[in-house]
Structures are given as C-alpha cells and as structure tokens.
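Below is one structure; the comments refer to it alone.
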Amino acid sequence: MVEANAFYEAGLKHLGMEVGKFNYYADQCAAEFGRVMRKHTPDGLVFALHSNRSAALLKLDRFPEAEAAASAALKEKPSDLKARVRRATAYRQMERPASACADLAHAMQTHKTTSRELVSTLVDVWVERSPGIAAFVAEVREAAVRQGGKGEGGLAAKEAVERALCRGLHGMCQPGEWAREGELGSAAIGAKGSGRGGSNLAKGVGGSIVDGARLLARKSIGSLIPAAIPMVRGCKNELEADNAGARCRLRLCGFFVGITATTETETAIIDALHVQIRSEWSIEHTTSRCEALIGGEPVCIAMLQLMEALARRRVSNLPRMNHLLDVLVRIYSFRASAKVRMCASATLAWCSRCPKAKSFLFDGRYDERTLKPVNNAIKDYARHLNITEWVIPQDAPEYTEETGICLGDGTSRDVGLG
C-alpha cells in the first residue's frame with residue numbers, strides 16, 4: 001500500500017498537483033501550466049488518482065490524509081459512491097460521527113440501490129454518535145430478525161427496519177408516507193425477501209410483510225428523548241453540541257406519531273418529555289426534558305413540530321401535555337426568530353382544537369393583534385384540510401379518535417421538515 005500511494009502521489013505531481021500543497025498553483029505561470037495540463041489530461045484520471053490514493057491511505061491508517069484525498073476526489077466527481085463512503089470511513093476513524101453520518105446518508109439518498117452493508121453501517125455510526133439509542137437499535141433489529149425468520153428473510157427484515165430508521169433520521173421522506181402507506185413509498189420486496197429500490201418492506205415468516213417503519217413504533221421509542229439531551233448540551237469528547245443530531249432525533253419521534261394504531265408510542269413520547277431532570281445550571285434545581293431541548297433554533301423548531309404532531313394526531317393528547325403547552329406559551333411570547341414564531345403559531349393553532357387547551361392558551365393571555373398569526377393558521381389549515389369543526393368537544397367521538405392528519409399536511413406553514 002505504501003508503494004501504491006507513492007505511485008498515486010507521483011502521478012498527481014506529474015500533473016502539477018502536489019498533494020502536500022494547499023494551493024497547487026501559487027503564481028500565474030504555475031496556474032497557466034496547470035490549466036494546460038488539465039486540458040490535456042484524460043477525463044477521470046485526476047479523480048481516479050485521488051480516489052485510489054484515499055483507499056490506499058485508509059489501509060495505512062492515515063485517516064486525515066485519506067479524508068483529504070477523498071474530498072479532492074469528490075470535488076472532481078461529487079456523485080461518486082466509493083469516494084463518499086471512503087471519506088465517511090475516514091471521518092468515523094477520526095471520531096467525527098456527525099460528518100460520517102452526513103456522507104453515508106448522502107450516499108444512501110443519491111444512490112437508491114445502496115447495499116445492505118452501507119445502511120447497517122450508517123445505523124452503527126448513529127449509535128456511536130449517540131450511545132443512548134444503542135438499546136433501542138438492538139431491540140428493533142432483534143424484533144425484525146425474529147419477524148423475518150431465519151436466513152434471507154431475517155436479513156431482509158433487518159435491512160427494512162434499518163432503512164426506515166435512517167430515512168426518518170435524515171428526513172428522506174414525509175410523515176404522511178409513514179401513516180398512509182405503511183412504509184416510505186419504495187418498491188415492494190421480491191419473493192425471496194430481497195429488496196428492490198431500497199424498500200422498508202420485507203417478506204417475513206409465512207410470506208407475511210415486515211414493515212420496517214411500523215416495527216420502529218414501540219414503547220421504547222421514548223428512549224430517544226433523553227438520548228437527545230447530551231447532544232444539545234455537548235459531550236465530553238465533542239468540542240461542540242450536536243444540535244443537528246438532536247433535531248434529527250426529535251423529527252424521527254414526530255414521524256413515529258403519524259403511524260396508525262400506535263397509541264403507546266404517543267404516550268411514551270409525551271411521558272418522556274415531561275420527565276424532570278437536573279438543571280444544567282444548578283444542582284439544586286430541576287427542569288423537564290422538553291425545556292432542556294429548546295435551546296438552539298433548529299432543535300426548538302423540531303420540538304415545536306413534535307408537539308404539533310401529537311396535537312394533530314389525536315385531540316385527546318392535549319390534556320396530557322399541560323407542561324408542554326406552558327413551554328409553548330413561553331416560546332411564542334419570548335422567542336423573536338421568525339421561523340420559531342411561525343412554527344409556534346402553527347402548533348398553537350392545532351392545540352386550540354381542544355376546548356381545555358384553547359382556554360388555557362388564549363383566555364386573557366394575548367390581544368387580538370398577537371393572536372392574528374394563530375387565527376390565520378387555523379383558517380388556512382381548516383380550508384386546506386376541509387375541517388368544518390375546528391374545536392372538538394370532549395364528549396365527541398372524534399376527541400379520542402385518530403385524526404389521520406400528519407405533520408406536513410396543510411399549507412406551506414410547515415418548515416424544517418427536510
């Protein structure tokens with residue numbers, strides 16, 4: 001490998017591209033030489049040299065150099081799968097799981113026929129990024145294999161649940177797809193259990209269909225909430241908090257809420273958000289998990305959308321969300337960000353479907369001018385979704401029934417779903 005790397009470096013140097021230099025062409029004369037050389041260089045040669053050099057450096061455990069070489073290859077050919085995976089591998093070895101997740105997710109999204117191994121690796125990197133979800137991931141993998149049966153059926157079922165998990169985490173779908181299609185809209189699985197087009201369905205025991213998304217919707221989903229808190233606060237081995245990772249976790253919970261007949265999932269999420277934990281600022285005070293997850297704008301928006309998903313799904317969820325509604329009022333009253341206020345307005349609109357929640361949120365609290373965005377949101381949603389009675393009385397059958405309305409249904413008011 002050392003000899004191979006030396007040959008790749010010699011080839012790049014021959015083309016006027018010394019790998020040790022940040023800028024190949026330090027002056028006008030060198031730049032002109034580089035332009036002429038590139039003009040007469042066969043298509044793909046520079047990319048191949050960088051990409052193959054990255055593979056050699058990975059074998060030599062020279063991960064920073066491998067990452068730089070893979071980045072140079074991707075600059076030449078951004079769509080290349082091998083270079084993308086090689087850079088993700090280098091990031092993972094350099095203990096940069098967030099960057100590794102981004103590259104692997106990009107590969108999964110742009111290459112619909114990505115391998116089973118790549119999807120499994122992305123899930124493993126997420127576990128490294130947030131160790132708090134390890135038990136949940138192990139549980140759903142075991143459940144998938146048990147439902148899929150022995151051999152290829154079990155492997156296909158495990159792949160289905162892993163694909164659903166990755167698509168939800170990285171926003172490669174919309175919540176309504178989970179609720180109304182039972183999967184994420186991909187092709188069905190073949191007779192032997194091998195997927196076509198990266199589906200979240202697989203053949204189980206006796207020819208039954210294993211739905212990866214539905215297998216994820218279980219009571220233990222509540223563990224994703226506490227697992228997101230260290231990502232917001234920052235971990236000992238990370239220089240900065242991983243707000244993007246926490247946002248992905250909350251968005252995934254919002255997707256789970258949309259799956260039909262999953263009452264225990266809704267309950268688990270609501271209960272997990274209400275749990276009191278020690279305050280970050282004082283050991284003498286406590287705060288709720290919900291309050292701990294509303295710091296930065298992206299995470300705050302994800303939290304608001306999770307509240308909205310619960311309110312959309314079932315009106316009877318709202319009386320159990322008293323503390324969450326109190327947090328919502330504080331966000332709407334004091335956060336100045338336009339995106340946050342837009343999301344808070346939409347969440348308030350859906351919370352007003354419950355008479356008790358409407359009384360708590362609006363009676364004597366705000367003037368008409370302050371409530372104008374909320375009232376406009378109510379009108380827009382009612383018109384687009386053909387809702388004739390916005391407020392549902394507590395004794396009405398619709399109060400406890402699933403509404404069939406998911407996050408994202410309605411108008412362009414919904415932001416940050418992708």
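Within the stretch 314-356, how many residues turn out to be part of a loop (DSSP other than H, G, I, E, B) and modelled with pLDDT of 90 or more?
Residues flagged as part of a loop (DSSP other than H, G, I, E, B) and modelled with pLDDT of 90 or more within the stretch 314-356 amount to 4.
Out of curiosity, is Val210 surrounded by 19 or more Cβ atoms within 10 Å (Cβ to Cβ) and modelled with pLDDT of 75 or more?
No; evaluated as a whole, the condition is false for this residue.
Name the residues in the stretch 248-295 that are among the small types (Gly, Ala, Ser) and either surrounded by fewer than 22 Cβ atoms within 10 Å (Cβ to Cβ) or outside any loop (DSSP other than H, G, I, E, B) (or both), would you?
Gly254, Ala261, Ala268, Ala272, Ser279, Ser282, Ser288, Ala292, Gly295
Which of the following residues is in contact (Cβ under 8 Å) with a residue 40 or more places away in the chain and of a type outside the set (Gly, Ala, Ser): Leu60, Leu81?
Leu60
So if I check each of Ala138, Ala143, which one is more than 21 Å from Val232 (Cα to Cα) and buried (at least 17 other Cβ atoms within 10 Å of the Cβ)?
From the options Ala138, Ala143, the qualifying one is Ala143.
In the stretch 117-135, how many residues are assigned to a helix (DSSP H, G or I), closer than 17 Å to Gly245 by Cα and hydroxyl-bearing (Ser, Thr, Tyr)?
Residues flagged as assigned to a helix (DSSP H, G or I), closer than 17 Å to Gly245 by Cα and hydroxyl-bearing (Ser, Thr, Tyr) within the stretch 117-135 amount to 1.
Within the group Leu122, Leu49, Leu60, which residue is out of contact with any Leu (no Cβ under 6 Å at 6 or more places or on another chain) and either modelled with pLDDT of 95 or more or more than 30 Å from Glu142 (Cβ to Cβ) (or both)?
Checking each option against the conditions leaves just Leu60.
Search the stretch 364-390 for residues that are touching a residue at least 60 places away in the same chain (Cβ under 8 Å) and not assigned by TED's automatic domain parsing to the domain that holds Cys343 and pair each with any residue that is surrounded by fewer than 12 Cβ atoms within 10 Å (Cβ to Cβ) and not aliphatic (A, V, I, L, M) when their beta-carbon atoms are under 9 Å apart and the residues are at least 6 apart or on different chains.
Listed pairs, sorted by first residue: none to list.
Which of (1) over 22 Å from Ala261 (Cβ atoms); (2) touching a residue at least 24 places away in the same chain (Cβ under 8 Å) does Ser316 not meet, given it meets every other one?
Failed condition: (1).
Would it be correct to say that Lys77 is more than 19 Å from the chain's Cα centre (by Cα) and either among the charged types (D, E, K, R) or assigned by TED's automatic domain parsing to the domain that holds Cys248 (or both)?
Judged against the criteria, Lys77 is a match.
Residues are listed down the side, and each one gets a yes or a no for (1) surrounded by fewer than 24 Cβ atoms within 10 Å (Cβ to Cβ); (2) of a type in the set (Val, Ile, Thr); (3) at pLDDT 80 or above:
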{"residue": "Lys158", "(1), (2), (3)": "no, no, yes"}
{"residue": "Pro175", "(1), (2), (3)": "no, no, no"}
{"residue": "Asn200", "(1), (2), (3)": "no, no, no"}
{"residue": "Gly206", "(1), (2), (3)": "yes, no, no"}
{"residue": "Arg214", "(1), (2), (3)": "yes, no, yes"}
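Checking Pro298 against (1) farther than 19 Å from Leu252 by Cβ; (2) in a helix (DSSP H, G or I); (3) at pLDDT below 90: exactly one of these is not met. Which one?
(1)
The values are calculated or read from the model by the stated rules, or taken from the named source; none is laboratory data. This one's a predicted model, so the numbers in the text were calculated from it and none came from an experiment. With ideal geometry, Cβ positions are generated from the backbone for all residues, glycine too; neighbour counts draw on all protein chains shown.
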